[in-house]
Number of protein chains: 2
Amino acid sequence: MKMFHVGVIGLGNRGAWWVNEMLAELDYIHVAGLCDVYEDRLQNTKAQLMKKGRPAPAVLTTDYQALIDAPEVEVVLVFSSWANHHDAAIRALRAKKPVAIEVGGAYSVAECESLVKTQEETGTPFMLLENCCYGEYELMALNMARHGLFGEIVHCAGGYMHDLRGEISRGNETRHYRFHEYLTRNAENYPTHEIGPIAKLLNIGNGNRFVSLVSVASRAAGLHTYIEAHDDLREKYEKTVFRQGDIVNTVLTCADGTTVAITLDTSLPRYYSRGLTVRGTKGMYEEATQSVLLDSETYPGAEWDWSPQFCNRERFLEQWRHPIWQRYRGEGVKEQGHGGMDFLVIDAFFEALDKGLPMPIDVYDAATWMAITALSAQSIAQGSVPVAFPDFTGGHWKTKKEEPVWKYAIG
Amino acid sequence: MKMFHVGVIGLGNRGAWWVNEMLAELDYIHVAGLCDVYEDRLQNTKAQLMKKGRPAPAVLTTDYQALIDAPEVEVVLVFSSWANHHDAAIRALRAKKPVAIEVGGAYSVAECESLVKTQEETGTPFMLLENCCYGEYELMALNMARHGLFGEIVHCAGGYMHDLRGEISRGNETRHYRFHEYLTRNAENYPTHEIGPIAKLLNIGNGNRFVSLVSVASRAAGLHTYIEAHDDLREKYEKTVFRQGDIVNTVLTCADGTTVAITLDTSLPRYYSRGLTVRGTKGMYEEATQSVLLDSETYPGAEWDWSPQFCNRERFLEQWRHPIWQRYRGEGVKEQGHGGMDFLVIDAFFEALDKGLPMPIDVYDAATWMAITALSAQSIAQGSVPVAFPDFTGGHWKTKKEEPVWKYAIG
C-alpha cells in the first residue's frame, strides 16, 4: 500500500489511543499532523508517537481548519467529540481531503443532509469508522444470513449497552463530552455500534431502507444514584439534573416491513453487550446468550431450557467465519483495538483509498445511522410519536448495489 | 379449606389439563360441572375424571349460561378461548358466582371497562389466573426488588417468546383458536405472562400506573415459511395470509417515568422465554442469561465478558426465594403445571375465596394487563402512534394498597 500522510483531529481518550496504539503500528501511515483544543494532549500524543520511533508530526495545532489546510496533511481522521464530527468532516470534504470519522449520533437531520450533499458535490472519499461492522460475530451473523441459514430476516435487535456511569459522572474532570450530552439531550445518543451491522445485514441503502422510527425513554435515575453513592461526586453533582433517560427503546421499521429494535443503556449497572439479535424464518442468532438456533438442527428439549446451548456460537464460527476474518486470522490477528475490529475498520478505509474503491461504509450509511439520534430526540420530545425516516439517497436505495464485502455469499 | 363445587368452561388442551391434572388432584375441589362447545371433549374429560376416582360431574353442557346457572356450581373457572373469557366472566359475576379466568388479551378497552364495572356492581370475587406471577424466579426478582437490591427500578422488559408455529398453523385441525387470531388481528396478543409479574413489581394499580403505550409490528413471514416447509400444511394453507406480525415490540410508560418493553414472539424459530428483565439503579435481573448483577458485588472483568456469570441466579435463589416458594418447597413441590406455578395460582384463588380475602390478581389487574392487546392493536393500526392508557381504577391507583403477598418485605 502507498504511504498516507494523515492529520488527526481529536486526541482525547479515543483519539490518543488511535494515534499511539494503532496508527503508529501501521507502516503505511505517517502521522503528519495533530489537532486538539487542549495543548497538553498535543504534546503528550506527539511524545508518545516519538517514543514509538515515529517521526514528530509536522503540524501541531488547536485549529482544525489549519490542520485540514496544511499541505503536509492529505487524509483527515476525526476522533473528536460527537458534536464536532460533522463540521470537521464537511471542511475536509470541501478541502478535497479524504476523511474518516469516528462514530456518534447526529444533532439534526439537516446536518446529515449537508454531509451527504457536500460529499456528493466534492466527490471526496468519506467513511464512517463503525468498527462493530467488523466484529467477528457480527460478520459471522452476516455471513450466515447471506447463506440463507436464518431464512427471511424479519426482525433484528441490538443495543449500546455499556455501564458508563463512571465516565459520564466524572465528565467535567476528564473533559469527556458525555457529561454535557447527558445534561442537555434525551435521545438514542449512540446508535451506530448496533445499527451498523444490522443495517448491512438488512441491505439498508441497497434495496431496503428505514421508513420510520419511534423512541421511548425511561426516566433518568442511574447517574443520580451513582453520584449519591460516591463521596468524591456527591458534593459536586448531587443536584445535577440529567435529561438523558437511562434506557431508550427505539423501534425502526424498514420499507419491507422488517423491524429493528435498538436500546441505549449506559447509565445503569450492567455488563457490556451490543445485543445483536437476528431473527429469521428459519433461525436466529443471539449475542446475549452467545447462541445460534437453526430449524435445520434439532435441539430436543432445548425449547424449554436453552441454557445448555448458551455459547454454542463458537462451534458455528469455524464453518461460518466471514472471509474478512478468515484472512485476518490467517495473517495473525492484532487483538488490540476491541478485539481486532479497530484494525479492520481503519485498514478498510485506507485499502479503499489506495485502490480507489467505493467506501465500505459510505456517507449514506453514515447519514442514515447517525440520523437516528436526531429522529429519536424528536420522537421522545413529542411523546414517542412515530417519525418518518428521511431517505438520504434520493431514491437510489432501490437500485444501488452493496459493496462486495457486505454481500459476500449472495451471488 | 372448605370444599368448593366448581364448574369449568372450556375443555380444550389447557382446560382438559386443568381438570384432569390439577383440579382432580386437589381435595378441596369438586368438579360439579363441565362445559364445552364440543361434545367429545365433555365426554373425554368426564371419563378422565372418573378414571382418577373422582365423581362424575352433575352438569355436562354445551351452553355456558346453563353451567353458570346450575345450582350444583358455586364457583366458575373459565379456560375457554381468549374471545370467550370476557362474556363468561361477566355472566358468572352477574350470577354472583366467584369466577377465575385463564389468561389472554382483550379485544377492546370497553370489554375491560365492563368487566371492572360488573365486578364493582356485583362485588363477586374475580381473579385472573396469571400463573407466571407465581414463577419461582419471577417471585425471587420481586423479593429482591422489595429488599432494595436493585435500587430504584427504572425499566423492565419481558416477552411471550414461544415458537408456536406448529400449533398456530395446524389450528384448523386442532380446533385451536390461535389460527384465527393470527388471521384477523395484528397486536400484542398475549401480554399477561410477562406484564403480570412486571406490573406487580412496579406496583401498577397501587401507587403507579401505565399512562401510555406504543407498539410496532414486524411483517408476517414465519408461518408462511413454516407452512411451505411442511408437506401436510403446504397444500391447505399455502395461500393463507396472516395479519399478525411475527414480532411485536411494545413499550409502556408508567406514571413515574419507568418504562416497560414487552415482546410478542410466537411465529419464528426460537427457544421459550418470558425474558423477564429488571433494571434498577443498583442492579439487574435477566432471565435470558439467567443472571443477577448487583453493584454491591464485585465482578472483575465481567464487564466485558459476562458469560462466566450465566446462570448465576441459582446462587441467589437460596437467599432470596420468595416466602410463597419457601413454604411451597417446604411442603413438597408439585412440579406439574409449568413447574408449580399452576398449582400456586389456583390455590391462591381458592385460598382467598376460603378466607374471604381480596383477590391477589384482581379485576383491575386483569383489565389493565388484558387491555394491552386492544391498545397495541390500535397503535399498530395507526402507524405506531402512542396511545393513552386508560385508568381502570378511577383514580384509586394512587392510594390503593397492594395485597401483602406482592409487597412482601416492603414494610
Suppose we filter the stretch B:167-199 for residues that are touching a residue at least 40 places away in the same chain (Cβ under 8 Å), within 13 Å of another protein chain (Cβ to nearest Cβ) and out of contact with any Leu (no Cβ under 8 Å at 6 or more places or on another chain); how many remain?
1
Within the stretch B:308-327, restricting to residues that are farther than 26 Å from B:E403 by Cα and open to solvent by 40 Å² or more (accessible area, probe 1.4 Å), the one that is farthest from the other protein chains (Cβ to nearest Cβ) is B:R315
What's the total number of residues in the stretch B:24-41 that are in contact (Cβ under 8 Å) with a residue 12 or more places away in the chain and within 27 Å of B:E173 (Cα to Cα)?
8
Tally up the residues in the stretch A:285-321 that are in a helix (DSSP H, G or I) and in contact with a Pro (Cβ under 8 Å, 6 or more places away or on another chain), please.
0
Sort through A:N131, A:N143 and tell me the only one that's more than 13 Å from chain B (Cβ to nearest Cβ), open to solvent by less than 10 Å² (accessible area, probe 1.4 Å) and over 25 Å from A:L213 (Cβ atoms).
A:N143
How many of the residues in the stretch B:244-275 are touching a helix residue (DSSP H, G or I) at 6+ places or on another chain (Cβ under 6 Å) and of a type outside the set (S, T, N, Q)?
5
Which of the residues spanning the stretch B:373-393 are touching a residue at least 12 places away in the same chain (Cβ under 8 Å) and either in a loop (DSSP other than H, G, I, E, B) or within 19 Å of B:W406 (Cβ to Cβ) (or both)?
B:S384, B:V385, B:P386, B:F389, B:P390, B:D391, B:F392, B:T393
Any idea which residue in the stretch A:25-41 is most open to solvent (accessible area, probe 1.4 Å), counting only those that are part of a loop (DSSP other than H, G, I, E, B) and more than 16 Å from A:N84 (Cβ to Cβ)?
A:D27
First in the stretch A:255-272 and on the phi > 0 side of the Ramachandran plot, second anywhere and outside any strand (DSSP E or B) and among the basic types (K, R), Cβ under 8 Å, 6 or more apart:
A:G257/B:R219
Residues that are at positive phi: which helices (runs of 4 or more DSSP H) entirely in the stretch A:45-163 hold 2 or more of them?
none
Quick test for you: out of A:D354, A:D362, pick the one residue that is of a type outside the set (A, V, I, L, M, F, W, C), more than 30 Å from A:S218 (Cα to Cα), at pLDDT 95 or above and buried (at least 18 other Cβ atoms within 10 Å of the Cβ).
A:D362
Out of (1) open to solvent by less than 30 Å² (accessible area, probe 1.4 Å); (2) under 30 Å from A:K282 (Cβ atoms); (3) more than 7 Å from every other protein chain (Cβ to nearest Cβ), what's the single condition that is false for B:D305?
(1)
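Filtering the stretch B:215-230 down to residues that are of a type in the set (S, T, Y) and at the interface with chain A (Cβ under 7 Å from one of its Cβ atoms), which residue is nearest to the chain's Cα centre (by Cα)?
This residue is B:S218.
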Condition set out of contact with any strand residue (DSSP E or B) (no Cβ under 6 Å at 6 or more places or on another chain) and among the small types (G, A, S), scope the stretch B:84-109, selection farthest from B:A374 (Cα to Cα): answer is B:A95
For the stretch B:200-225, the count of residues that are open to solvent by less than 30 Å² (accessible area, probe 1.4 Å), touching a residue at least 60 places away in the same chain (Cβ under 8 Å) and not aromatic (F, W, Y) equals 11
Which of the residues spanning the stretch B:234-276 are of a type in the set (A, V, I, L, M, F, W, C) and surrounded by 19 or more Cβ atoms within 10 Å (Cβ to Cβ)?
B:F242, B:I247, B:V248, B:V251, B:L252, B:C254, B:V260, B:A261, B:I262, B:L264, B:L268, B:L276
Please go through (1) facing chain A (nearest Cβ under 10 Å); (2) of a type in the set (A, V, I, L, M, F, W, C); (3) touching a residue at least 12 places away in the same chain (Cβ under 8 Å) for B:V241 and return the number of the only condition it doesn't satisfy.
(1)
In the stretch A:371-408, which residues are within 14 Å of chain B (Cβ to nearest Cβ), in contact with a Gly (Cβ under 9 Å, 6 or more places away or on another chain) and either of a type in the set (K, R) or open to solvent by 40 Å² or more (accessible area, probe 1.4 Å) (or both)?
A:P386
Looking only at the stretch A:277-293, filter to residues that are open to solvent by 10 Å² or more (accessible area, probe 1.4 Å) and more than 7 Å from chain B (Cβ to nearest Cβ); which one of those is farthest from the chain's Cα centre (by Cα)?
A:E286
Restricting to the stretch A:42-68, name every residue that is in contact with a Lys or Arg (Cβ under 9 Å, 6 or more places away or on another chain), surrounded by fewer than 19 Cβ atoms within 10 Å (Cβ to Cβ) and more than 21 Å from A:L26 (Cβ to Cβ).
A:Q65
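The values are calculated or read from the model by the stated rules, or taken from the named source; none is laboratory data. Nothing here was measured: the structure is a model prediction, and the numbers come from that model. Reconstructed Cβ throughout: ideal geometry from the backbone, glycine too, with neighbour counts over all protein chains shown. Keep in mind that these areas ignore ligands, DNA and RNA; they rest on the heavy atoms of the full protein, side chains included. Shrake-Rupley method; radii C 1.70, N 1.55, O 1.52, S 1.80 Å.
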